[in-house]
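Everything on this sheet refers to the single structure shown next.
The values are calculated or read from the model by the stated rules, or taken from the named source; none is laboratory data. If you're wondering where the values come from, they're calculated on a predicted model, not measured in any experiment. All accessible areas refer to the heavy atoms of the entire protein, side chains included, with ligands and DNA or RNA removed. Shrake-Rupley method; radii C 1.70, N 1.55, O 1.52, S 1.80 Å.
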Amino acid sequence: LAFELHFYAYMCELGLEVLFGNSLVSLFIASGRIFHGQQVFLRLSHPDETSWSSLMTGYVETGDFKHALTLYALMQDGCDSLHPNGRAFVALLKACTALKDLEGGQTIHAQIDRNVSLKADDFISSALINMYVKCGSIGKAEEVFENVLVRNVVSWNALIAGYVEYGHSDVALTLFEQMEYEGMSSDSVTLSCSLKACGIMGAKVNGHYIHGEIARKGLGKELLLGNSLINMYAKCGALQEAESVFSSLPIRTT
């Protein structure tokens with residue numbers, strides 16, 4: 001269907017009309033034909049925010065992170081009045097994260113800060129935290145986190161995982177406690193990261209508490225958490241508890 005529509009648009013020169021062109025770009029991207037989406041985009045006489053955002057997002061979804069960031073740079077150079085939409089900003093931050101492009105991420109962050117609605121977007125805030133963490137700038141990640149208007153579990157997880165990854169397991173566990181104190185419900189990712197921190201520190205008491213939380217939430221059969229518990233208990237020297245968790249798993253991996 002997408003190819004037929006593109007051929008019809010080409011023959012009738014409708015591809016130059018932005019609304020129809022945007023629909024075609026979206027169709028091609030959804031079907032994994034990024035090249036054809038790009039060709040439609042290039043035929044648009046006046047691409048709008050949706051046109052640029054759809055193609056950027058498409059590049060990121062297909063793993064072509066460099067092209068996504070190049071397109072963003074072209075948009076900024078030639079279209080001062082246009083900016084990516086929220087979904088595209090999340091995609092662009094994902095590209096910076098994958099490429100460890102801290103400078104590019106900071107440039108995007110600066111543009112986000114100039115837009116109040118974008119600053120209030122939970123998905124964008126979480127993507128910013130994750131980008132700074134993965135690019136090794138844990139201080140900036142914490143700064144973004146502290147300025148988030150409404151923190152969600154993804155924001156907490158990104159920062160907790162970042163502190164564990166960069167050797168600050170004590171801070172990660174403090175954040176986990178703060179998260180609970182503020183009434184934010186933890187998920188499997190939170191619990192797994194916190195268990196990793198316990199294992200690194202040899203904090204069996206904390207790990208046992210988190211084990212209780214896993215049971216209370218009915219997550220005891222999840223393979224991710226089962227493996228995390230086994231690893232935590234083993235590192236804390238509690239081999240009997242590790243074996244007990246292993247025996248209770250419905251599926252065991254090598």
Query - Relative frequency of Cα-Cα separations exceeding 20 Å in segment 73-193, percent - result: 41 percent
Report summary line: A correct Karplus calculation of ³J(HN,Hα) over segment 53-63, with 6.51 cos²θ - 1.76 cosθ + 1.60, θ = phi - 60°, whole Hz and x for Gly and Pro, returns 5, 4, 6, 4, 4, x, 4, 5, 5, 9, x
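Can you send over the carbon and sulfur percentage of the accessible area for segment 53-164, probe radius 1.4 Å, protein chains only?
Values: 2670 of 4980 Å².
Within segment 53-164, the accessible surface is 54 percent carbon and sulfur.
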Query raised in the report: Expressed as a rounded percentage, what relative contact order does segment 140-254 have, with Cα pairs under 8 Å and six or more residues apart?
Result: 20 percent
Report task. Provide Rg over Rh for the chain; use the alpha carbon set for both Rg and the Kirkwood Rh (inverse mean inverse pair distance). Result -> 1.10
Query - Listed residue pairs exceeding 19 Å between alpha carbons, taken from Lys100/Lys196; Lys204/Lys235; Lys134/Lys217; Lys94/Lys196; Lys94/Lys119; Lys119/Lys140 - result: Lys100/Lys196; Lys134/Lys217; Lys94/Lys196
Report task. Keeping all protein chains in place, calculate the accessible area per residue for segment 111-254 (probe 1.4 angstrom), answer in Å². Result -> 51 Å²
Query - Average Cα contact separation per residue, the chain, under 8 Å, 6 or more apart, as relative contact order % - result: 9 percent
Report summary line: With Cα springs under 10 Å, the Gaussian network model of the chain assigns the largest mean-square fluctuation among Met131, Met201, Met232 to Met201
**Report entry** Extent along principal axes [Cα atoms of segment 195-254; Å; largest to smallest]
**Finding:** 28, 25, 16
